[in-house]
Amino acid sequence: MNVHDRYDLTTVINARGTFTPLGVSRSSDGVCSAIAEALADFFIVDELQALADRSIANFAGAEAATVTHCVASAITISVAATMAGTSNQRIAALPDTAGLANSVVIPAGHCVNYGQSILQAIRLSGAAAIVAGNPESCELADIERQIEENHCCCLLLVSSKLVESAPIDFSAAVEVAHKHGIPAIIDGAAQDFRIDELIQTNADLVLVSAQKYLGAPTAGLVIGRRGLVDAVSAQDKGIGRGMKATKESIVGVLAAIEERQSLDISMWRETQHRKVVDFMSRANAIDGIGARSEPDPTGLPFSRVYLQLERDHAGYDLTTLVGKLKSGQPSIWVVDQNITRDEIGLELVQVSDGEISVILERLAELLGADKDAVD
Ligand SMILES: *Cc1c(COP(=O)(O)O)cnc(C)c1O
């Protein structure tokens, strides 16, 4: 009996993507057994952590790396590290920042809410967030204007779903921060396929969630310059204590990184492409549905499917459809942030072939189409 049946929990089909309220991702059998093994035993945690740190740095092609509880906590701890360095006294004093440069510059369009406001993740360290530009656009000059003497770092963000503003030239923004003598941190939570590109911007730290496309347990990878990564690790004895990586998450990260290193990316990309093309042709065969695909706007190596309703379905609009998909059994979740553009999205990366058939059958059923069209 699986855990859903044992506790009478809702069975979910997740076509929404790496979404925290749904449990983010599926781990492979290899990652799951590594975690189970770790939970049943002891380690010299510093030794385990040092091994993972080297493995992540090697994987990312960076000088250094470490693991925190998640990216939300990695933001707080990284900002803390830019204020306190490795000074025990300063680490112990936080979130009291008296006498420290404590302002973080962040472009207005990057002030997102991923379930928590990123501004709060900054403030938790004791720092203050200084917003540059406006939500629609932020020029390099807007960032530069905000960098004054009491600044500790500049925080930038990559997000396909959350950022609505015009894209920023990361390398140029990093250069502006460096010109003023402060480090630049990039929140690239979902960008585990693009870590090398983000490192190449010359950012001092790149933050990546291990539980998104990497399929590790929840953990935040902090990757970058040696001195600053050491300052992040040093926070374990300060405000980072409540945000620490656990032994099972560190072992899970190790296993997930080894799997990624042996992954044939072009074959993976081809599998994702075939899934999308197949889904579109089967969805287009359902009367009244139009399907198109669009590559991930941040450059992740896959596309999403977008569905439109092509005629009136007895009073059905997309909001009703999304609600019905969620309230059915199994509960089907889609990307519903674009309903204002008259379409819903589906991210199929984590959806199995069997689940894809269930989704298509449910769509046909809800829209009153002939089920035969789906098979
Ligand atoms: C998912 C996400 C986060 C939060 O990451 P966690 O590891 O869940 O804390 C932060 N920023 C962005 C852009 C995200 O996509």
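The numbers here are math on the coordinates, done by the rules we state, and not lab data. The model shown is predicted, which means the values in this text are computed figures rather than measured ones. Every residue, glycine among them, receives a Cβ derived from its backbone with ideal geometry; neighbour counts consider all protein chains shown.
Charged side chains reduced to their Cβ positions (Lys and Arg at +1, Asp and Glu at -1) give the range 40-179 a dipole of some 200 debye around its Cα centre. Ranked for footprinting exposure by Cβ neighbours inside 10 Å, fewest first, Met267, Met243 give Met267, Met243. Listed values for the range 140-151 are Karplus-derived 3J(HN,Hα) couplings in whole Hz (6.51 cos²θ - 1.76 cosθ + 1.60, θ = phi - 60°), namely 4, 4, 5, 5, 4, 4, 7, 7, 10, 4, 8, 8, and x replaces Gly and Pro.
Summing +1 for each Lys or Arg and -1 for each Asp or Glu among the other residues whose beta-carbon sits under 14 angstrom from that of Leu140 gives -3. The label point for Asn150 and the one for Leu9, both projected 7 Å from the Cα toward the Cβ, are 4.6 nm apart.
Per residue, the chain reaches -12000 deg cm²/dmol at 222 nm when only DSSP H runs of four or more residues are counted, each adding -39500 (n - 2.57). When peptides 224-237, 45-58 are ranked by their average number of other Cβ atoms within 10 Å per residue, the highest-first order is 224-237, 45-58. Stretched out straight at 0.36 nm per residue, the stretch from Arg311 to Asp196 would grow longer than its current Cα-Cα span by 36.9 nm. Compute the orientation-averaged projected area for the range 192-255 from the convex hull of its Cα atoms and round it to one decimal in nm². Mean shadow area of the hull around the Cα atoms is 4.5 nm².
The residue among Ile239, Leu366, Ser352 whose Cα reaches farthest toward the positive pole of the charge dipole of the chain, with charges on the beta-carbon of Lys, Arg, Asp and Glu, is Ile239. A cut-off of 5 Å between modelled amide H atoms, ignoring neighbours fewer than 5 places along the same chain, links Ala128 with Ser103, Val104.
Just to be sure I understand: with springs between alpha-carbon atoms less than 10 Å apart, which residue in His178, His69, His110 has the highest mean-square fluctuation in the Gaussian network model of the chain? With Cα springs under 10 Å in the chain, the top fluctuation among His178, His69, His110 is at His178. Rounded if a/c is under 1.5, else prolate if a/b beats b/c, else oblate: with a ≥ b ≥ c from the C-alpha gyration tensor eigenvalues square-rooted, which is the range 153-229? Since a/c reaches 1.5 but b/c is at least a/b, the shape of the range 153-229 is classed as oblate. Along the range 333-343 the Karplus relation, 6.51 cos²θ - 1.76 cosθ + 1.60 evaluated at θ = phi - 60°, assigns HN-Hα couplings of 10, 10, 7, 10, 6, 9, 4, 4, 8, 6, 8 Hz to successive residues, with x for each Gly and Pro.
Other residues lying with their Cβ under 13 Å from the Cβ of Gln350 contribute a combined charge of +2, Lys and Arg counting +1, Asp and Glu -1. About its Cα centre, the dipole of the range 167-256 is roughly 360 debye, where the only charges are +1 on Lys and Arg Cβ and -1 on Asp and Glu Cβ. Full extension of the chain between Lys326 and Glu175 gives 49.8 nm of extra length, using 0.36 nm per residue less the Cα-Cα distance. Take the Kirkwood radius over Cα pairs of the chain, plug it into Stokes-Einstein at 25 °C and 0.890 mPa s, and you get 111 µm²/s for translational diffusion.
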